[in-house]
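Below is one structure, written out as structure tokens; comments come after it.
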Amino acid sequence: MSMQSRLTPIADEQLSPAQQQVLQDILSGPRGNLDGPFLAWIHSPGLAQPAQQLGAFCRYHTRLSTRLSELAILLTASRWQSQAEWLIHEPIALKAGLSAEVVDALRQGQPPVFSDAEEALIYAIGQQLYDTRRVSDALYQQGVATFGEPALVELVGIFGYYALVAMTLNVFSMRPQGDHPLPFSEPAQA
């Protein structure tokens, strides 16, 4: 999925050695492309390198299943109304086993009906975190009992990393090229 944005494009011959290294690391890693926020982050290789490493961990190496990670990502994309983040991750979430009904409810900003207790818990933690910027003792204890402390730490990392991604995509108006219907209505520009 090729991306467009309002950033000034950087031609290959204009890349600094640090930018070339980040580009090489991204393209040779598990993603293999510059989709998403990387077109923005490449403008700042000092941000791009640790951010892409954190992103690779959050997406591919946490203790959570892909289905649960993608639920956290889609919840974040919905909360931030991040068009590109949603368009990139919706098919991944569906392929990982998240139901179309849950995905559609998230897109609409509605509470999904979950048949899976772990999915319901990921959603509850994310909702409470986004709504109150905290997680209650009871919900925290439920998260630890279900996932373990290391996985709960990683879940918070997923929420935080993908909020950074959503902000980046939104600020720089990053969209997939082509005629993709947008999942969220666009706010009026001031």
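Which numbered condition trips up Gln83, out of (1) touching a Pro at 6+ places or on another chain (Cβ under 7 Å); (2) within 15 Å of Tyr161 (Cα to Cα)?
Result: Gln83 passes all but (2).
Any idea which of (1) under 17 Å from Glu70 (Cβ atoms); (2) open to solvent by 40 Å² or more (accessible area, probe 1.4 Å); (3) within 14 Å of the chain's Cα centre (by Cα) is the one Tyr161 doesn't satisfy?
(2)
Does Pro183 qualify as being buried (at least 16 other Cβ atoms within 10 Å of the Cβ) and either basic (Lys, Arg) or touching a helix residue (DSSP H, G or I) at 6+ places or on another chain (Cβ under 8 Å) (or both)? Show your work before the answer.
On the way: buried (at least 16 other Cβ atoms within 10 Å of the Cβ): yes; either basic (Lys, Arg) or touching a helix residue (DSSP H, G or I) at 6+ places or on another chain (Cβ under 8 Å) (or both): yes.
Yes: the conditions hold for Pro183.
Test of understanding: among Val103, Val113, Val156, which residue is part of a helix (DSSP H, G or I), surrounded by fewer than 18 Cβ atoms within 10 Å (Cβ to Cβ) and without any contact (Cβ under 8 Å) to a residue 60 or more places away in the chain? Spell out how you get there, then give the answer.
Numbers: Val103 fails: surrounded by fewer than 18 Cβ atoms within 10 Å (Cβ to Cβ); Val113 fails: part of a helix (DSSP H, G or I).
Going through Val103, Val113, Val156 in turn, the sole match is Val156.
Going by the structure shown, is Ile73 aliphatic (A, V, I, L, M), part of a helix (DSSP H, G or I), touching a residue at least 40 places away in the same chain (Cβ under 8 Å) and open to solvent by less than 10 Å² (accessible area, probe 1.4 Å)?
Working: aliphatic (A, V, I, L, M): yes; part of a helix (DSSP H, G or I): yes; touching a residue at least 40 places away in the same chain (Cβ under 8 Å): yes; open to solvent by less than 10 Å² (accessible area, probe 1.4 Å): yes.
Yes.
Would you check if Leu87 is open to solvent by less than 40 Å² (accessible area, probe 1.4 Å), assigned to a helix (DSSP H, G or I) and touching a strand residue (DSSP E or B) at 6+ places or on another chain (Cβ under 7 Å)? Don't jump to the end; show me each part of the working.
Values: open to solvent by less than 40 Å² (accessible area, probe 1.4 Å): yes; assigned to a helix (DSSP H, G or I): yes; touching a strand residue (DSSP E or B) at 6+ places or on another chain (Cβ under 7 Å): yes.
Answer is yes for this residue.
So, of the residues in segment 25-70 that are in a loop (DSSP other than H, G, I, E, B) and of a type in the set (Gly, Ala, Ser), which turns out to be surrounded by the fewest Cβ atoms within 10 Å (Cβ to Cβ)? Before you say what the answer is, go through the steps one by one.
Step one: of segment 25-70, the residues in a loop (DSSP other than H, G, I, E, B) are 29-37, 42-44, 61-65.
Remaining after also requiring of a type in the set (Gly, Ala, Ser): 29, 32, 36, 44, 65.
Working: Gly29: 14, Gly32: 9, Gly36: 26, Ser44: 13, Ser65: 13.
Only one residue fits best here, namely Gly32.
Of the residues that sit in segment 78-134 and are β-branched (Val, Ile, Thr) and in contact with a helix residue (DSSP H, G or I) (Cβ under 8 Å, 6 or more places away or on another chain), which one is farthest from Tyr60 (Cα to Cα)? Give the derivation first.
Of all residues in segment 78-134, those β-branched (Val, Ile, Thr) come to 88, 92, 102-103, 113, 122, 125, 132.
From what is left, the residues that are in contact with a helix residue (DSSP H, G or I) (Cβ under 8 Å, 6 or more places away or on another chain) are 92, 102-103, 113, 122, 125.
Values: Ile92: 12, Val102: 22, Val103: 20, Val113: 26, Ile122: 17, Ile125: 21 Å.
Ranking the candidates gives Val113 first.
Checking Ile125 against (1) out of contact with any strand residue (DSSP E or B) (no Cβ under 6 Å at 6 or more places or on another chain); (2) under 21 Å from Met3 (Cβ atoms); (3) part of a helix (DSSP H, G or I): exactly one of these is not met. Which one?
(2)
Among the residues of segment 60-79, is there at least one that is of a type in the set (D, E, K, R), over 20 Å from His180 (Cα atoms) and modelled with pLDDT under 95?
Scanning segment 60-79, I find no residue that is of a type in the set (D, E, K, R), over 20 Å from His180 (Cα atoms) and modelled with pLDDT under 95, so the answer is no.
Going through segment 128-153 one residue at a time, which ones are outside any helix (DSSP H, G or I), surrounded by 11 or more Cβ atoms within 10 Å (Cβ to Cβ) and at negative phi?
Step one: of segment 128-153, the residues outside any helix (DSSP H, G or I) are 133-136, 148.
Still in the running and surrounded by 11 or more Cβ atoms within 10 Å (Cβ to Cβ): 135-136, 148.
Those that are outside any helix (DSSP H, G or I), surrounded by 11 or more Cβ atoms within 10 Å (Cβ to Cβ) and at negative phi: Val135, Ser136.
Can you tell me which residues in segment 159-190 are assigned to a helix (DSSP H, G or I) and aromatic (Phe, Trp, Tyr)? Break it down stepwise before answering.
Looking only at segment 159-190, we keep the residues that are assigned to a helix (DSSP H, G or I), and these are 159-171.
Phe159, Tyr161, Tyr162 - these are the residues of segment 159-190 that are assigned to a helix (DSSP H, G or I) and aromatic (Phe, Trp, Tyr).
For segment 95-111, indicate whether the set of residues that are farther than 16 Å from Tyr162 by Cβ and of a type in the set (Asp, Glu) is non-empty.
Within segment 95-111, the subset farther than 16 Å from Tyr162 by Cβ is 95, 97, 99-102, 104-105, 108-111.
Subset that is of a type in the set (Asp, Glu): 101, 104.
Looking through segment 95-111, at least one residue is farther than 16 Å from Tyr162 by Cβ and of a type in the set (Asp, Glu).
The values are calculated or read from the model by the stated rules, or taken from the named source; none is laboratory data. Note that the coordinates shown come from a computational prediction; the quantities given were computed from them, not determined experimentally. Glycine gets a Cβ as well: all are built from the backbone with ideal geometry, and neighbour counts include every protein chain shown. Quick note on the areas: whole protein, heavy atoms, side chains included, nothing else; ligands and nucleic acids left out. Shrake-Rupley method; radii C 1.70, N 1.55, O 1.52, S 1.80 Å.
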